[in-house]
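Step one of this worksheet: look at the structure below.
The values are calculated or read from the model by the stated rules, or taken from the named source; none is laboratory data. Values in this document were obtained by computation on a predicted structure and should not be read as measured data. Ideal geometry is used to build each Cβ from the backbone, glycine not excepted, and the neighbour counts take in all protein chains shown. These area figures cover heavy atoms from the full protein model, side chains too; ligands, DNA and RNA do not enter into them. Shrake-Rupley method; radii C 1.70, N 1.55, O 1.52, S 1.80 Å.
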Amino acid sequence: MMSVLGLFRWIRDPIGALDESEALAQEIRTRQFHAALQLVPFTSATNVLIGAATAWTYRDLAPVVPTLIWFALLVGLEIDSIRSYRLSIAVRRMIQPRDLRRFAMQSGLVAALFGIAVLYLLPRVDAEHRMLIATAAAGIIGTGAFVLAPVPFAGLAWIAMLGIGSAAGLILIGGPIYIAILVLLVIYGVLMVVTVLFNSHLLVSRVRAEAQAERQSQVVGLLLKDFEGSARDWLWEVDGAGNLRHVSVRLAEALGRDAGTLAGVSLTRLLRQTFPNLSRTEAMALEALQSRLEARRAFRDQVVPVIVGSELRWWALTAKPLQGEDGEFQGWRGVASDTTEIQRRDIEMTRLANFDSLTDLANRRQFQACLDALMPLGTLHKGLLLIVLDL
């Protein structure tokens, strides 16, 4: 009994039966509802045309007033469906379970009107028209089940109402051939029910995955925006040719340039252009960065110099290569941080280790380093003279 109740609950509201947050459940219901409404203008117009053709073709078999009432109800329900469709497109509000139940009831009423027509006409027409009506009813059942599959309660209501009317009409006729058609109708109805439930489950799973992916993308976007706005580091991105593709606000501020003027500019060329004259050390650092980019392998803390205003700054770049779905190289994305203070401390520590702090003259350690550098040269010329004058 619990499994039957659970199935009925899932049919009425598939999302409510899942363990989801209310916000995500509402979002999935909304997409589910909009998916079911996509073909409403076409299906509503088709249903009205079928109703008009049926009323006109069999006008001699039914009283005028009941026929007009039947057709007016059909038109009114379809107009309400189109109104709901237009509101859903214009407002895009979050859909609640009651909206899905109202939509299912509306669909069931339209199917009931067609079921009443089939029930009334089958016993009153000849064999040829009975086959026509039965075939049309089967087609309408299948079409409605396909269109309403995103909302399973609506799809099942459509199958049930039209199927009951058709089955009752076949029973009233009686006879072996019509009983056989009734059996086929039942088998066809069961197949349509399974199809609706299966397609609805697939749709709900897909929409849930898309909604979760979109929410995660939004969270990541907010985190990146917050990161770029408040962190000391900033993001950078270049294409396969090394040209800037994503220029963050922090990167533009760090360069003292407008972000609009940086898009499409080569990163290494941009760094070179900040220097009036490149020293050997600075040129080697920029060449090392260019080599890293050409190697197309991830790298970390590649230190490069840059002139901002009139001040020499040092940046540490970390990045990984970007690849498309086909594995094709598409560029680089990474993080940059200003390590100027660290570089200045390292330079000062190196200076203090090699030069006297009072006289600023080279000390014994620097002397030994210079001597070691000259040894290969002296060895090459087979002679080296060293004169030391002690103070």
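Just so you know, in segment 302-331 the residues that are among the aromatic types (Phe, Trp, Tyr) and closer than 21 Å to ALA252 by Cβ include one that is least open to solvent (accessible area, probe 1.4 Å), and it is TRP315.
A Cβ distance below 7 Å, combined with a sequence gap of six or more or placement on separate chains, defines the contacts here; from segment 281-301, residues that are open to solvent by 60 Å² or more (accessible area, probe 1.4 Å) and among the acidic types (Asp, Glu) reach no residue that is modelled with pLDDT under 85 and assigned to a loop (DSSP other than H, G, I, E, B). Here ALA168 fits the description: in contact (Cβ under 8 Å) with a residue 24 or more places away in the chain and either assigned to a helix (DSSP H, G or I) or not polar (S, T, N, Q) (or both).
Within segment 174-196, the set of residues being touching a helix residue (DSSP H, G or I) at 6+ places or on another chain (Cβ under 8 Å) and open to solvent by 40 Å² or more (accessible area, probe 1.4 Å) comprises ILE179, VAL186, TYR188, VAL193, THR195.
The rows are residues; the columns are (1) farther than 18 Å from GLU237 by Cβ; (2) among the aromatic types (Phe, Trp, Tyr); (3) in contact with a helix residue (DSSP H, G or I) (Cβ under 8 Å, 6 or more places away or on another chain).
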{"site": "ALA283", "(1), (2), (3)": "yes, no, no"}
{"site": "ARG292", "(1), (2), (3)": "no, no, no"}
{"site": "PRO305", "(1), (2), (3)": "yes, no, yes"}
{"site": "GLU311", "(1), (2), (3)": "yes, no, no"}
{"site": "LEU322", "(1), (2), (3)": "no, no, no"}
{"site": "THR340", "(1), (2), (3)": "yes, no, no"}
{"site": "ALA353", "(1), (2), (3)": "yes, no, yes"}
{"site": "ALA369", "(1), (2), (3)": "yes, no, yes"}
{"site": "ILE387", "(1), (2), (3)": "yes, no, no"}
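Close contacts from segment 240-256, counting a first residue that is in contact (Cβ under 8 Å) with a residue 24 or more places away in the chain and a second that is open to solvent by less than 30 Å² (accessible area, probe 1.4 Å) and among the polar types (S, T, N, Q), with Cβ to Cβ under 7 Å and a gap of 6+ residues or different chains, come to GLY242/SER266; GLY242/THR268; ASN243/SER266. Among the residues of segment 338-346, is there at least one that is within 40 Å of the chain's Cα centre (by Cα), closer than 22 Å to SER248 by Cβ and part of a strand (DSSP E or B)? Taking every residue of segment 338-346 in turn, at least one turns out to be within 40 Å of the chain's Cα centre (by Cα), closer than 22 Å to SER248 by Cβ and part of a strand (DSSP E or B).
If the condition is being of a type in the set (Gly, Ala, Ser) and surrounded by fewer than 20 Cβ atoms within 10 Å (Cβ to Cβ), then segment 135-166 contributes ALA136, ALA138, GLY139, GLY142, ALA160.
Scanning segment 115-128 for residues that are part of a helix (DSSP H, G or I), in contact (Cβ under 8 Å) with a residue 60 or more places away in the chain and open to solvent by less than 80 Å² (accessible area, probe 1.4 Å) yields ALA117, LEU121. Please find, within segment 255-312, the residue that is modelled with the highest pLDDT out of those that are under 31 Å from the mean Cα position of the chain (by Cα) and of a type in the set (A, V, I, L, M). That would be ALA298. Out of SER88, SER21, one residue alone is loosely packed, with under 15 Cβ neighbours inside 10 Å, polar (S, T, N, Q) and at pLDDT below 85. It is SER21. Restricting to segment 43-73, name every residue that is over 17 Å from THR143 (Cα atoms), open to solvent by less than 80 Å² (accessible area, probe 1.4 Å) and either assigned to a helix (DSSP H, G or I) or not small (Gly, Ala, Ser) (or both). Within segment 43-73, ALA52, ALA53, THR54, ALA55, TYR58, LEU61, PRO63, PRO66, THR67, TRP70, PHE71, ALA72 meet the criteria.
For segment 260-295, how many residues meet the condition of being among the polar types (S, T, N, Q) and part of a loop (DSSP other than H, G, I, E, B)?
Taking segment 260-295 first, the residues among the polar types (S, T, N, Q) are 261, 266, 268, 273-274, 277, 279, 281, 290-291.
If we keep only those that are part of a loop (DSSP other than H, G, I, E, B) too, we end up with 274, 277, 279.
The number of residues fulfilling the criteria is 3.
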